[in-house]
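For reference, the structure discussed in these notes is given below.
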Amino acid sequence: MTTTRERPATGSLVQQFEYGLDAPICLTWELTYACNLECAHCLSSSGRRDPRELTTEQCEAVIDELQRMQVFYVNIGGGEPTIRPDFWHLLQYAVDHQVGVKFSTNGVRITPERARFLASTDYVDVQISLDGATAEVNDHVRGPGSYNMALTALQNLADAGFRDAKISVVCTRHNIGQLDEFKALADRFGATLRLTRLRPSGRGAEVWDELHPLPEQQRDLYDWLMAHGEDVLTGDSFFHLAAFGEALPGLNLCGAGRVVCLIDPIGDVYACPFAIHDNFLAGNLLTDGGFRQVWQTSELFQELRSPQTGGACASCSFFDSCRGGCMAAKFFTGLPLDGPDPECVQGYGEAALAGDRVVPAPSQDHSRPNATRNQPVMLQLLTRPPVSACAESPLAGFDPEGCCS
Amino acid sequence: MMLDEPWALSPSVALRPEPFGALAYHFGNRRLTFLKRPELVAVVRALAKQPDVRSALANAGIPTSQHPAYVEALRGLAAADMIRPRVEEPR
């Protein structure tokens, strides 16, 4: 239950942000659902282009509107945005209209020539996705050859003199142990490391159970971020970890619909990049009067900007730190939005996951219908024997005491 | 003494009005800063048009007793290159 209330005249920045802003601070724009890769955990279930994707002219009109709204920069992603034939044109168009661009890519089109072009621009940031510090760990989720592709792109950027590229890592059970190696890799390319949270969104819903960091790894991650926080970007991804104690650098706030939103390739506007689902669809910028109209007046966003109740979390002494965690992580694991985050570091998430819940059906899927050679084969990486090193007994792991209690 | 100096918004900074004040974005170093009071926004906007910071504060209606606090805030903005000392044309 939420009520619309008057914005307080004073108060902390976080309190002000909860009431929303006239324009987003952090806007993600996915240009296409087409992708050369088929990452197992793709947030947007990308693969195939949608025939309704915005045309070049429509994209230019979006940029014009962002300029008018003074959205100073946009995070462009996909799918793989660089495989849109007009990608480089739109990049230039945005920069020429005072909309800086940070784009995420798997590196497929970052040739030496493109790297030189990028090095010559201002206001462009490049973020290369890499989900393992080794080919084995990366290719397990991103598909064969994707590690080499990313490293070639980073090398091309470094050779061209492009400064401070970002290496963007989704933290999983398999790569939490590689944080130092990622940092070394970033240092090697003169790049900055960016760590983000694995969300159970899109195809991520299917692999979240086996990929999301284990409870003790959450602690390792928190400790590592506390030690390296100044040099590493997180996109405020890990505010659920604030319940370990000290807050991590950043806003520690769910910005969905308040300071953050997503424009998808067909112009649908969602509350956040991790919430591509009808329940978080605020409107469409082609049919609902443009982006400003959707951002400022959609019912969904009005509701998200009203004070939220803590629900089951309200009595937890850490609620003020984590604010109940990530809305998308709860939604896509079938947990109530006013309860604990599935990865609640105080342990309430595990209890909630063990209870009755229904994982919502996806409302869109642009995955390729048939696997290609780029599809990751996740069966390969079984680092531990199923039960124990020498469990040959047919009753291994069977505990007659435990099973009926 | 900052109060007696001419200052202005940096040329690569844009201000975006918001209900609580404004966002200041620096296109050069890509830093985003929040001006948390409408009064501070008025002061920053007045800087370039006034001979010195003191006049900008007066122009925005800031009482003298609050000048030190505003100078502190302006110093913070200067540290992020959001505002710069204005170099006067020699007469």
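Report the longest stretch of chain A that contains none of the GluC sites (Glu not before Pro) sitting in a DSSP loop with at most 15 other Cβ atoms within 10 Å.
A:7-245
Indicate the gyration tensor shape class of the range B:7-82 (rounded, prolate or oblate), computed on the Cα atoms with a ≥ b ≥ c the square roots of the eigenvalues: a/c under 1.5 is rounded; otherwise a/b larger than b/c is prolate and the rest oblate. Before the final figure, lay out the partial values.
Values: a/c = 1.77, a/b = 1.50, b/c = 1.18.
Taking the square roots of the gyration eigenvalues as a ≥ b ≥ c, the range B:7-82 is prolate.
Give me the extension gain from A:Ala184 to A:Glu210: residue separation times 0.36 nm, minus the current Cα-Cα distance, reported in nm with one decimal.
Here the answer is 6.7 nm.
Just grab the label-to-label distance for A:Arg368 and B:Arg37, each label 7 Å out from Cα along the Cβ direction, in nm (one decimal).
Spacing of the two 7 Å Cα→Cβ label points: 5.9 nm.
Find out how many positive minus negative residues lie around A:Gly235, taking Lys and Arg as positive, Asp and Glu as negative, among other residues whose Cβ is under 14 Å from that of A:Gly235.
Values: positive: A:Lys102, A:Lys166, A:Arg194, A:Arg197, A:Arg199; negative: A:Asp125, A:Asp236.
Here the count lands on +3.
Under 14 Å from a point placed 7 Å out from the Cα of B:Ala14 along the Cα-to-Cβ direction: which residues of the range A:61-93 have their backbone N that close?
So the set is A:62-75, A:93.
Going by a ≥ b ≥ c, the root eigenvalues of the Cα gyration tensor, does the protein assembly as shown fall in the rounded group (a/c under 1.5), the prolate group (a/b larger than b/c) or the oblate group? Write out the running numbers ahead of the final one.
Numbers: a/c = 1.77, a/b = 1.47, b/c = 1.21.
Note, shape of the protein assembly as shown comes out prolate.
Taking the Cβ of each residue in A:Tyr147, A:Tyr93 as the centre, tally the other Cβ atoms inside 10 Å and list the residues starting with the fewest.
A:Tyr93, A:Tyr147
In a shell of Cβ-Cβ distance under 15 Å around B:Val71, excluding B:Val71 itself, what net charge do Lys and Arg (+1) and Asp and Glu (-1) give?
-2
Excluding same-chain pairs closer than 8 in sequence, count the lysine pairs in the protein assembly as shown whose Cα atoms lie under 23 Å apart.
4
Let me know the shape class of the range A:48-132, please: from the alpha-carbon gyration tensor, a ≥ b ≥ c as square roots of the eigenvalues, rounded when a/c is under 1.5, otherwise prolate if a/b is greater than b/c, or oblate.
Cα axes put the range A:48-132 in the oblate bin.
If you take every residue apart from A:Ser129 with its C-beta less than 10 Å away from the C-beta of A:Ser129, what net charge results, scoring Lys and Arg +1 and Asp and Glu -1?
+1
So how much slack lies between A:Arg52 and A:Asn279, counting 0.36 nm per residue of separation and subtracting their Cα-Cα distance, in nm?
Length difference between fully extended and current span is 79.7 nm.
With a point put 7 Å past each Cα toward its Cβ, work out how far A:Asp231 is from B:Lys49 in nm, to one decimal.
It is 4.7 nm.
Tell me, what is the FRET efficiency for A:Asp22 and A:Val377 to the nearest 0.05, using R0 = 60 angstrom and their Cβ-Cβ distance as r? Present the calculation step by step, with values, prior to reporting the outcome.
Details: r = 47 Å, r/R0 = 0.78.
E(calc), rounded to 0.05, equals 0.80.
What distance in nm separates the simple spin-label points at A:Arg173 and A:Asp320, each placed 7 Å from Cα in the Cβ direction?
The two pseudo-label positions are separated by 3.6 nm.
Would any residue of the range B:23-44 have its amide N under 19 Å from a label point 7 Å out along Cα→Cβ of B:Val71? List them or say none.
B:40-41, B:43-44
Quick note: the coordinates plus some simple rules give every number you see, no bench work behind them. These numbers were taken from a predicted model, which means no experiment stands behind them. Every residue, glycine among them, receives a Cβ derived from its backbone with ideal geometry; neighbour counts consider all protein chains shown.
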